[in-house]
Number of protein chains: 2
Amino acid sequence: MGIDPGLTRCGLSVVQAGRGRAVLPVAVGVVRTPAGAELAERLKRLSAAVNDWMDDYQPDVVAIERVFERGNVSTVMHTAHAVGVLVLGAAQRDIPVHMYTPSEVKKAVSGNGRADKKQMTTMITRILGLSEPPKPADAADALALAVCHCWRAPLLARTGALLESSTERTRP
Amino acid sequence: MGIDPGLTRCGLSVVQAGRGRAVLPVAVGVVRTPAGAELAERLKRLSAAVNDWMDDYQPDVVAIERVFERGNVSTVMHTAHAVGVLVLGAAQRDIPVHMYTPSEVKKAVSGNGRADKKQMTTMITRILGLSEPPKPADAADALALAVCHCWRAPLLARTGALLESSTERTRP
């Protein structure tokens, strides 16, 4: 499951990793909460919607974008609050969470850490064999996060295994 | 209930507003989560602890410190993620949430928006009639947030009533 976190729009996606670099799309959507509502109400709605997705699709792992202190202060803080409830939803279901920066996602999916939105959408459409580009941008970003994790997970697993085996070797 | 949000240490307090400016202490404590644990695990533990407090004390309202983009980036983001799960806990119980900046709390409690920690601790000890200063600092901050709301709530209620009545008057 890939999540592009946000309070006004939160992109959600579910994919299935296949053989090699094959990735199959399962679901994609956007959760919106009204900008005029109170923070508490918005977080409650977002949490309920994402928890429903997690219960429906029972993902093995969640990949979510890491938030940086850039741009509008209030938006960044709202997004960071949203990440808190999104990660909590996964943690309460014992689903592992991996965080990726935007440039890590761009690099993994397009080979270029500075790819623009159009390039990313083109790549995601091609990788997943979609008949048309996913919309809105948050949905495409959520799919990109999921693809990024599918492609990096085997590497992470190998690195983890190497680290574990080297730890074992150095034990007295 | 007053909450000084944090992931490593989160201050929690419960007070009872009395007549005039009287405020009675009910409970105070600090929730800690291990700095070495994963973010997801820490948020799950914090959420469980705070939800227990809310269920035990059934507060009428929660006052929580507003997070700013200052200081260490990683700490600020962790605190903002923590705020997300703390506010969610209140929202899921339909408990209203009020946020105050550190300077609003200092101004309300000590009359000086730039009061230092020592001045704040002295004031809180006196206001609540405690036999000794609350420790650690996060516990004192949580009590200060609760006192701040007790003293500002009547004003907020009057302002709300005024706004409502002026809205009614201008209706055609």
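So in chain B, what percent of DSSP beta bridges are antiparallel if you round to the nearest 5? Kindly include the intermediate steps, with their values, before the conclusion.
Working: 12 of 18 bridges.
Restricted to chain B, the bridges split so that about 65 percent are antiparallel.
What do you get when you divide the Cα radius of gyration of chain B by 2.2 N^0.38 Å, with N the number of residues? Numbers along the way, then the final one.
Values: Rg = 16.8 Å, N = 172, 2.2 N^0.38 = 15.6 Å.
Taking N as the residue count of chain B, the ratio is 1.08.
Using a 1.4 angstrom probe on protein heavy atoms only, which residues from segment B:91-105 are buried by at least 10 Å² of accessible area when all chains are present rather than their own chain alone?
Listed by number, the residues meeting the 10 Å² cut-off are B:Ala91, B:Gln92, B:Asp94, B:Val97, B:Met99.
Under a point-charge model restricted to the Cβ atoms of Lys and Arg (+1) and Asp and Glu (-1), what is the dipole moment magnitude of segment A:93-153 relative to its Cα centre, in debye to the nearest 20?
Around 180 debye, computed over segment A:93-153.
When DSSP assigns beta bridges and you keep just the ones with both residues in the protein assembly as shown, what percent turn out antiparallel, to the nearest 5?
Taking every DSSP beta bridge within the protein assembly as shown, about 65 percent pair in antiparallel fashion.
Taking only protein heavy atoms into account and a 1.4 Å probe, give the accessible area per residue of segment B:2-170 in Å².
52 Å²
What distance in nm lies between label points placed 7 Å from Cα along the C-beta direction at B:Ala157 and B:Thr8?
3.9 nm
With the dipole of segment A:2-170 worked out from charges on the C-beta (+1 for Lys and Arg, -1 for Asp and Glu) around the Cα centre, which of A:Gly84, A:Phe68, A:Asn112 lies farthest toward the positive end?
A:Asn112
Going Cα to Cα from B:Lys118, which lysines come in below 19 Å? Please leave out same-chain ones fewer than 8 positions away.
B:Lys106, B:Lys107, B:Lys135
From Cα pairs below 8 angstrom and at least 6 apart in sequence, can you work out the relative contact order of chain A, rounded to a whole percent? Before the final figure, lay out the partial values.
Values: 257 pairs, mean separation 50.5, N = 172.
Over chain A, the number comes to 29 percent.
When the helix-only estimate is applied to chain A (DSSP H runs of n ≥ 4, each -39,500 (n - 2.57), divided by the residue count), what is the mean residue ellipticity at 222 nm, nearest 500 deg cm²/dmol?
After summing the helix terms and dividing by the residues of chain A, the value is -18500 deg cm²/dmol.
Carbon and sulfur: what percent of segment A:2-170's accessible surface (1.4 Å probe)?
C and S fraction of accessible area: 50 percent.
What is the local net charge at B:Arg21, summed over the other residues whose Cβ is closer than 13 Å to its Cβ (Lys, Arg +1; Asp, Glu -1)?
Computed value for this residue: +3.
What range in chain A is the longest one free of GluC sites (Glu not before Pro) that are in a loop by DSSP and have at most 16 other Cβ atoms within 10 angstrom?
Working: sites that count: A:Glu38, A:Glu69.
The segment A:70-172 is the longest one with no such site.
Nm distances between the label at B:Glu132 and the same-position labels in the remaining copies, 7 Å along Cα→Cβ, shortest first?
Counterpart label points of B:Glu132 in the remaining copies fall at 7.0 nm.
Which one, A:Leu143, A:Ile124, A:Val30, is farthest towards the positive end of the dipole of segment A:2-170 when Lys and Arg carry +1 and Asp and Glu -1 on their Cβ?
So the residue furthest toward the plus end is A:Ile124.
What accessible surface, in Å², does a 1.4 Å probe find on B:Lys107, ignoring ligands, DNA and RNA and rounding to the nearest 10?
About 120 Å², ignoring ligands and nucleic acids.
Just report the Cα centroid separation between segment A:110-124 and segment B:28-76, whole Å.
The two parts, judged by their Cα centres, are 37 Å apart.
At a 1.4 Å probe radius, which order do A:Met77, B:Met99 fall into by accessible area, largest first?
B:Met99, A:Met77
Suppose we compare each residue of segment B:22-44 in its chain alone and in the full protein complex with a 1.4 Å probe; which ones drop by at least 40 Å² of accessible area?
B:Ala40, B:Lys44
For the B and A pair, go ahead and give the buried accessible area with a 1.4 Å probe, both sides summed, in Å² to 100.
2000 Å²
When Lys and Arg each count +1 and Asp and Glu each count -1, what net charge do the other residues less than 14 Å away from A:Cys150, Cβ to Cβ, add up to?
Taking every Cβ under 14 Å from that of A:Cys150, the sum is +1.
Given points 7 Å out from each Cα along the Cα-Cβ axis, report the A:Asp94 to A:Asp60 separation in nanometres with one decimal.
1.7 nm
The values are calculated or read from the model by the stated rules, or taken from the named source; none is laboratory data. What you see is a predicted model, and the numbers here were worked out from it, not measured in a lab. Ideal geometry is used to build each Cβ from the backbone, glycine not excepted, and the neighbour counts take in all protein chains shown. Note: areas computed on protein heavy atoms with side chains; ligands, DNA, RNA excluded. Shrake-Rupley method; radii C 1.70, N 1.55, O 1.52, S 1.80 Å.
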